[in-house]
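Bear in mind that the values in this text are calculations on the coordinates, not laboratory data. Fair warning: this is a prediction, and the values are worked out from it, not measured in the lab. So basically every Cβ, Gly included, is an ideal-geometry build from the backbone, and we count neighbours across all protein chains shown.
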Amino acid sequence: MKARFTSLTAMALALGATGVSAQELSILIDNTPASSGAFTALTEAYTAKNPDVTFDIEVRPGGGEGDNIVKTRLATGEMTDIFSYNSGSLFQALRPSRTLVPINDIPNLDNLNESFLQTVADGDGNYYGVPYEAAMGGGILYHVPTYEELGLEVPQTWDEFMANNAAIAEQTDKAPVIQTYRDTWTSQLFVLADYYNVQSQEPGFADAYTANEAKYATTPAAQAGFARLQEVYEAGYLNEDFGAANFDDGVRMVATGEGVHYPMLTFSLANIEQNYPDLIDDVGFFAQPGESVDANGLTIWLPAAAYIPQTSENVEAAKDFLNFMASSEGCAAIVSANGATGPMLVEGCELPDSVPRAVSDMLPYFNEEGRTAPALEFLSPVKGPALEQLTVEVGSGIRDAQSAAELYDADVTKQARQLGLPNW
Amino acid sequence: MTQKSPYPYWFFLPAAVIFLGLFIVPTVASFYFSLTYWDPFEARFAGWDNYVQFFSEPFLIRGTLNTLFFAFVTSVLKTILGLLLAVLLTSGIFGQSFLRSVVFFPVLVSTIGVGILFQELMHPTEGAINVALAAIGIDGPGWLTNPSLALFSVALVDVWRGVGLATLIYIAGLSTIPNDYYEAARIDGATRWQLFWRVTVPLVWPATTTVIILSLIGGLRLFDLVWAMTRGGPGFSSDVLASVIYKQYQAGFWGLSTAGNVILFLLIALIVAPLAWWLNSKELDA
């Protein structure tokens with residue numbers, strides 16, 4: 001009788017002990033299909049290897065509302081063990097050295113791409129994040145069948161691009177350029193995706209801009225992005241409903257050929273794949289062309305990443321999960337869930353042989369030295385919040401490019417002062 | 001002679017604590033925070049910088065004018081339409097209670113829902129309004145995409161949404177006018193127009209005061225409908241003070257947006273307090 005009691009106690013103790021070693025990690029992610037796909041695949045793969053660790057994934061909204069949720073939860077110590085957030089200037093606004101745990105000591109850190117690491121670093125050589133998405137290109141999605149029908153070539157310069165638009169306007173009733181201002185953020189692409197061209201003409205622009213020495217309005221290469229938007233509007237190349245159309249309309253138009261050029265980020269390929277899987281190979285991609293054939297390259301967006309807050313009670317377990325994310329195995333789990341929308345920035349992470357046409361159009365830029373430049377928001381913490389309203393105004397003919405560039409400079413000054421950046 | 005309250009003072013304590021904690025303290029705190037650069041992580045003292053910034057914000061002048069225009073247009077329309085509808089709906093016409101419900105119904109619907117609904121109805125090519133106009137040969141405008149029309153379209157929707165409340169207040173006001181005045185006027189040979197203008201309008205003045213004050217305050221601080229329909233766009237053309245303030249908050253400039261709220265508070269107080277005093281002074285002793 002006594003022996004039986006003891007063995008029961010031992011069993012209970014043993015069960016209790018497993019209860020202690022089993023761990024649950026909480027993760028806060030944004031509400032895009034790509035994020036939930038990546039984290040579902042990653043956590044399943046990780047739990048398969050480490051059955052003791054389970055996950056609780058919580059979803060938050062994106063955009064400005066999501067920024068507020070992340071900042072508020074960090075500031076109040078209510079953050080989950082791991083959370084997803086942008087890299088670059090938005091990441092810097094989280095005050096990483098005061099709120100996040102550096103991950104310099106995870107073994108797989110060396111697998112991560114160097115230019116990515118710069119966007120999740122503080123000034124003291126600490127790194128904080130591991131990517132869970134592919135790098136994106138910002139450029140122009142185009143409708144391939146229309147190009148073939150009219151015998152057009154992918155443009156290498158802005159003039160060639162405008163000549164293609166003229167040919168499309170003349171020979172078809174399709175909209176040469178698609179703009180979708182109900183979702184105001186989509187209006188910024190002509191300006192933001194022009195940054196490769198800015199950098200090729202003014203190599204020191206990002207540093208001078210951060211130091212309050214270079215301005216959009218007084219740097220012709222930088223002002224050109226606004227001017228190009230104005231030029232396209234004035235030529236009458238936009239779709240009729242540009243003011244009321246939204247991002248989903250834009251994706252539909254470029255996939256079905258209602259419109260021919262859609263300046264956009266390549267993450268939108270996932271939307272085309274989801275909504276128009278049969279048409280995915282009708283959509284091609286090229287970088288926003290600039291002044292000369294010799295300086296043709298792509299402006300890229302570095303992916304969002306997963307971070308660990310200092311308030312996490314499971315730092316070591318969370319680091320081990322991030323280490324898994326930075327392995328080729330973790331990366332493969334993401335690719336198998338989300339497909340390939342661009343190069344993954346983890347070494348040894350191969351893309352499948354068949355990728356959508358627009359992705360294979362984009363890869364050559366990454367494979368050649370010097371044909372990509374990160375967008376300005378990854379090089380400088382300075383970014384004004386009113387850009388999307390200003391580009392809507394330029395693209396709708398309400399304001400001219402020069403005045404928009406001047407107002408954007410004022411907007412940027414406000415942001416830098418609010419953030420307390422030096423020199424402003 | 002002042003009457004002594006029948007209740008001991010500590011009866012007021014629970015209400016006073018709630019009022020102090022939830023209203024007075026945050027209000028005073030907001031004056032302090034409007035003087036700082038404030039984000040989730042810290043508040044650095046900034047002096048008057050936020051106010052200087054807010055007044056040099058290029059879109060603030062536009063936003064202020066838009067706010068005043070919006071408040072004026074919607075108040076005038078709500079007052080006139082509300083009075084006319086109330087007169088109609090107290091005249092004993094067929095289906096009166098049903099029609100009263102119909103007029104009041106939009107007040108009960110969520111503002112965001114109304115905004116999203118009208119955003120679809122006002123779509124320049126696929127929206128029901130322009131499709132209907134096209135059917136009778138009229139080329140409808142871009143209600144929300146034309147920068148000079150967008151704010152006006154939002155104002156019309158706000159009137160549609162809010163006129164029910166004005167009508168309700170007027171119906172209550174009309175029912176307090178004793179029939180004797182109308183009888184006496186009729187015996188004196190007053191026409192219908194004179195009855196309306198010389199009896200109804202002066203005697204319903206307390207209701208008019210309430211309607212004007214309520215719709216003016218509502219118009220000055222309007223946010224949800226603008227945000228649901230245009231987000232202040234295209235560009236900045238339908239921005240109002242509240243949407244400018246919200247955008248500063250969204251960008252993470254909490255101190256700046258608090259300063260904007262203090263300015264909005266002062267603006268409403270400066271406009272509404274004298275107006276209320278003037279309107280009340282015109283009330284008749286009925």
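In whole Hz, with x marking every Gly and Pro, tabulate ³J(HN,Hα) for region A:65-70 from phi via Karplus 6.51 cos²θ - 1.76 cosθ + 1.60, θ = phi - 60°.
5, x, 4, 5, 4, 4
Which lysines have a Cα less than 28 Å from the Cα of B:K282, not counting those fewer than 8 places away in the same chain?
Qualifying lysines at Cα under 28 Å: B:K78.
Tell me what chain A gives for mean residue ellipticity at 222 nm when only DSSP H runs of n ≥ 4 count, each as -39,500 (n - 2.57), the sum divided by the residue total, rounded to 500 deg cm²/dmol.
Taking each H run of at least 4 residues, the total per residue is -13500 deg cm²/dmol.
P(r) for the protein assembly as shown: what percent of alpha-carbon pairs falls in each 20 Å bin, starting at zero?
15, 41, 30, 12, 2, 0
Efficiency by 1/(1 + (r/R0)^6): what FRET value for B:T125 and B:D224, r their Cβ-Cβ distance, R0 = 35 Å, to the nearest 0.05?
That pair, B:T125 with B:D224, gives E of 0.85.
Give the lysines reachable from A:K215 as a straight Cα distance under 24 Å; neighbours fewer than 8 places away on the same chain don't count.
A:K383, A:K414, B:K247
Any chance you could give the angle, 0 to 90 degrees and rounded to 10, that helix A:401-419 forms with the longest Cα principal axis of chain A?
Once rounded, one gets 20 degrees.
Can you tell me how chain B classifies by the Cα gyration tensor, rounded, prolate or oblate, using a/c under 1.5 as the rounded cut? Working shown, then result.
Values: a/c = 2.28, a/b = 1.20, b/c = 1.90.
It is oblate, given that a/c is not under 1.5 and a/b is not larger than b/c.
Under a straight-distance cross-link criterion of Cα-Cα below 13 Å, which aspartates and glutamates are reachable from A:K49, leaving out those fewer than 8 residues away in the same chain?
A:D320, A:E329
In the protein assembly as shown, if the dipole is taken from +1 on Lys/Arg beta carbons and -1 on Asp/Glu beta carbons about the Cα centre, which of B:S110, A:L390, A:I57 is farthest to the positive end?
Ranked along the dipole, the leading option is B:S110.
Of B:P141, B:M122, B:W160, whose Cα points farthest to the positive end of the dipole of region B:67-226 (charges on the beta-carbon: +1 Lys, Arg; -1 Asp, Glu; origin at the Cα centre)?
B:W160
Mind putting a number on the dipole of region B:59-281 about its Cα centre? Charges go on the C-beta only, +1 for Lys and Arg and -1 for Asp and Glu, and I need it in Debye to the nearest 20.
My answer is approximately 240 debye.
Could you please state, rounded to a whole Å, how far the C-alpha centre of region A:379-424 is from the C-alpha centre of region A:38-86?
Measuring centre to centre over Cα atoms gives 32 Å.
Quick one: if the Förster radius is 22 Å, what FRET efficiency do A:T218 and A:S292 give, using the C-beta to C-beta distance and rounding to 0.05?
So, using R0 = 22 Å, E works out to roughly 0.50.
Rounded to the nearest 5, what % of DSSP beta bridges with both residues in the protein assembly as shown are antiparallel?
Roughly 60 percent of the DSSP beta bridges within the protein assembly as shown come out antiparallel.
Near the amide H of A:L25, under 5 Å away, which other amide H atoms are found, from residues 5 or more places off or on another chain, if H is placed in the peptide plane?
HN-HN under 5 Å from A:L25: A:T54, A:F55, A:D56.
If neighbour count is taken as other Cβ atoms inside 10 Å, put A:I308, B:I213 in order from fewest to most.
Ranked by crowding around the Cβ, least crowded first: B:I213, A:I308.
Can you name the helices of chain B, as whole DSSP H runs, whose Cα span along the helix axis is 27 Å or more and whose Kyte-Doolittle mean is not below 0.5?
TM-like helix candidates: B:58-89, B:150-175, B:254-281.
Across the residues of B:248-254, average count of Cβ atoms on other protein chains within 10 Å?
The shielding value for this peptide is 6.
If I take R0 = 30 Å and measure r between the Cβ atoms of A:E149 and A:W185 in this structure, what FRET efficiency does the formula 1/(1 + (r/R0)^6) give, to the nearest 0.05? Spell out each step's value before the answer.
On the way: r = 31 Å, r/R0 = 1.05.
The calculated FRET efficiency here is 0.45.
Residues with amide H under 5 Å of A:T299's amide H, sequence separation 5 or more or different chain, H placed in the peptide plane at 1.01 Å from N; which?
Under 5 Å from the amide H of A:T299: A:G138, A:Y196, A:Q288, A:A373.
To the nearest whole number, what is the average tally of beta carbon atoms from other chains within 10 Å of the beta carbons of peptide B:223-236?
Across B:223-236, the average partner-chain Cβ count within 10 Å equals 4.
Quick check on region B:1-89: take the gyration tensor over C-alpha atoms, sort the square-rooted eigenvalues as a ≥ b ≥ c, and tell me if it's rounded (a/c under 1.5), prolate or oblate.
Judged from the Cα gyration tensor, region B:1-89 comes out oblate (a/c at least 1.5, b/c at or above a/b).
How far apart, in nanometres, would the label points at B:D188 and A:N275 be if each is projected 7 angstrom from Cα along the Cα-to-Cβ direction?
A separation of 6.8 nm, rounded to one decimal place.
For the protein assembly as shown, what is the charge dipole size about the Cα centre, in debye to the nearest 20, if Lys and Arg each add +1 at the Cβ and Asp and Glu each add -1 at the Cβ?
Using Cβ point charges on Lys, Arg, Asp and Glu, the protein assembly as shown gives about 3960 debye.
Find the Cα radius of gyration of region A:320-395, compare it with 2.2 N^0.38 Å by division, and give the number to two decimals.
On the way: Rg = 16.8 Å, N = 76, 2.2 N^0.38 = 11.4 Å.
Taking the Cα Rg and dividing by 2.2 N^0.38 Å, one obtains 1.47.
Expressed as a whole number of Å, what is the distance separating the alpha-carbon centroids of region B:201-251 and region B:131-167?
Centre-to-centre (Cα) distance: 16 Å.
Taking beta carbons within 10 Å but only from partner chains, what does the mean come to for residues B:52-62?
That average works out to 2.
Using square roots of five times the C-alpha gyration tensor eigenvalues, list the equivalent-ellipsoid semi-axes of region B:134-277 in whole Å, biggest first.
Each semi-axis is the square root of five times an eigenvalue, giving 39, 23, 10 Å.
According to a simple spin-label model (label point 7 Å from Cα along Cα-to-Cβ), what is the distance in nm between B:W48 and A:S328?
6.5 nm
Please sort A:264-270, A:234-240 by packing, taking for each peptide the average over its residues of neighbouring beta carbons within 10 angstrom, highest first. Mind dumping the intermediate values first?
Details: A:264-270: 23.3, A:234-240: 16.0.
Highest to lowest by the protection proxy: A:264-270, A:234-240.
Given A:N239, A:Q288, A:N314, which one lies farthest toward the positive end of the charge dipole of region A:238-348, if we put +1 on the Cβ of every Lys and Arg and -1 on the Cβ of every Asp and Glu?
Comparing the listed Cα positions along the dipole, A:N314 ranks first.
Please compute, for the alpha-carbon atoms of chain A, the extent along each of the three principal axes and give them in descending order in Å.
96, 52, 39
Quick one: length gained pulling A:E234 to A:E258 fully straight, 0.36 nm per residue minus the C-alpha distance?
6.6 nm
Rounded to the nearest 10 degrees, what's the angle between the helix A:33-49 long axis and the longest principal axis of chain A, both from Cα atoms, 0 to 90?
For A:33-49 against chain A, the angle is about 30 degrees.
Using only Cα atoms, find the angle between the long axis of helix A:315-325 and the longest principal axis of chain A, and express it within 0 to 90 degrees, rounded to the nearest 10.
It works out to around 50 degrees.
Any idea how far apart B:A15 and A:E24 come out in nm if each label point goes 7 Å out from Cα toward Cβ?
Rounded to a tenth, the inter-label distance reads 4.5 nm.
Separation of region A:267-289 and region B:63-106 by C-alpha centroid, Å?
That distance is 49 Å.
Once amide H atoms are placed 1.01 Å from N in the peptide plane, what residues at a sequence separation of 5 or more from A:V130, or on another chain, have their amide H within under 5 Å of its amide H?
So A:V130 has HN proximity to A:A306.
Kindly rank A:143-150, A:332-339 from highest to lowest mean number of other beta carbons found within 10 Å of each residue.
Numbers: A:143-150: 17.2, A:332-339: 19.9.
Top of the packing list down: A:332-339, A:143-150.
Going by a ≥ b ≥ c, the root eigenvalues of the Cα gyration tensor, does region A:364-416 fall in the rounded group (a/c under 1.5), the prolate group (a/b larger than b/c) or the oblate group?
It comes out oblate by the Cα gyration axes.
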